[in-house]
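Chemist: Input: one structure, supplied below.
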Amino acid sequence: MRIKSKAKATILTASALLLLSACSGGNEKGNTQPSDSPSVSAGSTEAAKESAGTDGKKIKMRVITITTDENRNNIMEQYIKPKVAEALPNLEVEFEPGGGGEDMANKLKTLNASEDMPDVFWNDAGYFTPLKSTGSIMDLTSYISKDGFLNKYAVPDALKHVDGKIYSLSSGADTYFTPIIFYHKDMFEQAGVQVPTTFDELLQISKTLKGKGMVPAVTPGKDGWGPKLFLLQQMIQIGDPQAMADLVSNKTDFDNPAVQEGAARIETLVKGGVFPDGIANLDYGPAMEMFTSKKAAMLMMFTWELPNLAKDETVDFFPFPTAGDKYDPTKNVQFWGSPLNGYAVSGKTKHPDEAVQLAEFLAMADALYFEKTGAPIALQTGNPPADKSPLMQKFVDWYNPIPNKIASMALNSLDARTSAEMSTQGANLLTGEYAAADFNKAMNKIWSENTWFDN
């Protein structure tokens, strides 16, 4: 087993992120009306007025961002595209869809190799290292400190990577994203089942739901999306939260019995018919449609989908049920997010000042959108908090008091090669034809070669 003491830096970063749970900005002085228009800092605004070329031509900027779900599409169409010209009149911005996950990673790696990086892009831990090693990502610290944008964050230190530098700007909503199980109350009632509190009960109600002709549960499986981002972590965590926390911080590996049991639970879910046939090839959009159209009774998904799903009054949620006496869902929870997630600026852009202004605008657009849905955020907009839906209030009331919030392994523990291998191995595990023992053996080998915790 390969253990690195440098893992402490990851834990410190995660601890800083958790402080965001109390954040929600009130109005700035003199502002009594809420605004949904993204803005940049006063210093950036003045700079924008002066930054156009002497010939009067606008500066061209290229942006690649994630386009994986309804939230991202809404932010782009409602908050970014209609407002960017007003906020940054000196810029002519070209937006390129990046997809998400491995698609986004492969796209940026290819662009980096060909020295064709966009000025601004969505950053992710999965491809940060190769970008940093080639000087393709900028340290934003001095820029956002000088123009005052850093002061808009309730906990500025939470933006810092383990090297103390800031590479990405986000709304801070990520800290509130966690995987839960959404369900249709009417489908449960029709099948005569109750919300499960144990893993065995989850298997039992799934059997009943399937017997009624329903797909018990769905989640995205293509490219190992679900297993890598949350399902493996949940299946380990519900048995032994400490083992999961140790794996995230590289204090243990895939030889740990609790970790091995987590992978075995995924195998049990697949072979038990909890998921639909072909789950290993099911993409994000079709998985969501299967749940929203009531072809599936349950959806295992992050709470970033909560604002949209709350529009359906039949939808409710419950935490992943326990698989042992070491786990209590009121005391342990996985949280999404990493200081690296957010809008980053190419280290090779020809217009660094303008690119930083654009990244600030995009981060604020995210904040305004999530604020309007009632989601908590860390980037203060100056608006009063929006009213929360009953489902969002239920979530916040459950989530906020939880003392042990465990960082997501997918964002805080994997180098690019390990991340890609986990995608492959996770997809294999969802086929039902690949044993958990083989998964653990393959992952332990790649884990021993994981460079994430190296200097």
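The values are calculated or read from the model by the stated rules, or taken from the named source; none is laboratory data. If you're wondering where the values come from, they're calculated on a predicted model, not measured in any experiment. Here Cβ is always computed from backbone atoms with ideal geometry, including for glycine, and neighbour counts include all displayed protein chains. Heads up: the accessible areas ignore ligands, DNA and RNA and are worked out on the full protein's heavy atoms, side chains in. Shrake-Rupley method; radii C 1.70, N 1.55, O 1.52, S 1.80 Å.
Chemist: Taking into account only those residues within region 110-127 that are modelled with pLDDT under 90 and out of contact with any Ser or Thr (no Cβ under 7 Å at 6 or more places or on another chain), which is least open to solvent (accessible area, probe 1.4 Å)?
Modeler: Out of the qualifying residues, it is TYR127.
Chemist: Continuing with the same structure: Of the residues ASP163, ASP139, ASP157, only one is acidic (Asp, Glu) and modelled with pLDDT of 90 or more; which?
Modeler: ASP139
Chemist: Is there a residue in region 35-52 that is open to solvent by 50 Å² or more (accessible area, probe 1.4 Å), modelled with pLDDT under 95, under 24 Å from LYS311 (Cβ atoms) and more than 26 Å from the chain's Cα centre (by Cα)?
Modeler: Within region 35-52 (the criterion being open to solvent by 50 Å² or more (accessible area, probe 1.4 Å), modelled with pLDDT under 95, under 24 Å from LYS311 (Cβ atoms) and more than 26 Å from the chain's Cα centre (by Cα)), the answer is no, since none of the residues qualifies.
Chemist: Additional query: Looking only at helices (runs of 4 or more DSSP H) that lie completely in region 248-345, which have at least 1 residues being closer than 23 Å to PHE370 by Cβ and at pLDDT below 95?
Modeler: Of the helices (runs of 4 or more DSSP H) lying wholly inside region 248-345, those with at least 1 residues that are closer than 23 Å to PHE370 by Cβ and at pLDDT below 95 span 284-292, 306-309.
Chemist: Report every pair of residues separated by at least 6 positions or lying on different chains whose Cβ atoms are under 7 Å apart, first residue within region 363-379 and in contact (Cβ under 8 Å) with a residue 24 or more places away in the chain, second part of a strand (DSSP E or B) and open to solvent by 10 Å² or more (accessible area, probe 1.4 Å).
Modeler: Close Cβ pairs (under 7 Å, with a partner that is part of a strand (DSSP E or B) and open to solvent by 10 Å² or more (accessible area, probe 1.4 Å)) amount to ALA378/TYR153; LEU379/TYR153.
Chemist: Does region 202-227 hold any residues that are touching a residue at least 60 places away in the same chain (Cβ under 8 Å) and charged (D, E, K, R), and which are they?
Modeler: Answer for region 202-227, where residues must be touching a residue at least 60 places away in the same chain (Cβ under 8 Å) and charged (D, E, K, R): LYS207, LYS210, LYS222, ASP223.
Results for (1) within 19 Å of the chain's Cα centre (by Cα); (2) surrounded by fewer than 24 Cβ atoms within 10 Å (Cβ to Cβ), shown as yes or no for each residue.
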| residue | (1), (2) |
| --- | --- |
| ALA367 | yes, no |
| GLY374 | yes, yes |
| GLY382 | no, yes |
| TYR399 | yes, yes |
| SER419 | yes, no |
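Chemist: Let me spell it out: the conditions are (1) open to solvent by less than 30 Å² (accessible area, probe 1.4 Å); (2) more than 22 Å from GLU261 (Cα to Cα), and PRO352 meets all of them except one. Which number is the exception?
Modeler: (1)
Chemist: Next question, about the same structure. I'd like to know if region 164-185 contains one or more residues that are of a type in the set (A, V, I, L, M, F, W, C), open to solvent by 10 Å² or more (accessible area, probe 1.4 Å), in contact with a Ser or Thr (Cβ under 8 Å, 6 or more places away or on another chain) and more than 18 Å from TYR284 (Cβ to Cβ).
Modeler: Looking for residues that are of a type in the set (A, V, I, L, M, F, W, C), open to solvent by 10 Å² or more (accessible area, probe 1.4 Å), in contact with a Ser or Thr (Cβ under 8 Å, 6 or more places away or on another chain) and more than 18 Å from TYR284 (Cβ to Cβ), one finds none in region 164-185, hence no.
Chemist: Among the residues of region 128-155, what is the count of those that are closer than 20 Å to LEU358 by Cβ and either assigned to a loop (DSSP other than H, G, I, E, B) or of a type outside the set (Gly, Ala, Ser) (or both)?
Modeler: Total meeting the criteria: 19.
Chemist: To continue, here is another question. Would you mind stating whether ALA310 is in contact with a Leu (Cβ under 6 Å, 6 or more places away or on another chain), open to solvent by 20 Å² or more (accessible area, probe 1.4 Å) and either free of Cβ contacts under 8 Å to residues at least 24 places away in the same chain or within 28 Å of GLN190 (Cβ to Cβ) (or both)?
Modeler: Here the answer is yes, as ALA310 does meet what is asked.
Chemist: Would you check which residues across region 330-349 are in contact with a Ser or Thr (Cβ under 7 Å, 6 or more places away or on another chain), open to solvent by 20 Å² or more (accessible area, probe 1.4 Å) and under 23 Å from THR175 (Cα atoms) and list them?
Modeler: Scanning region 330-349 gives a single hit, TRP336.
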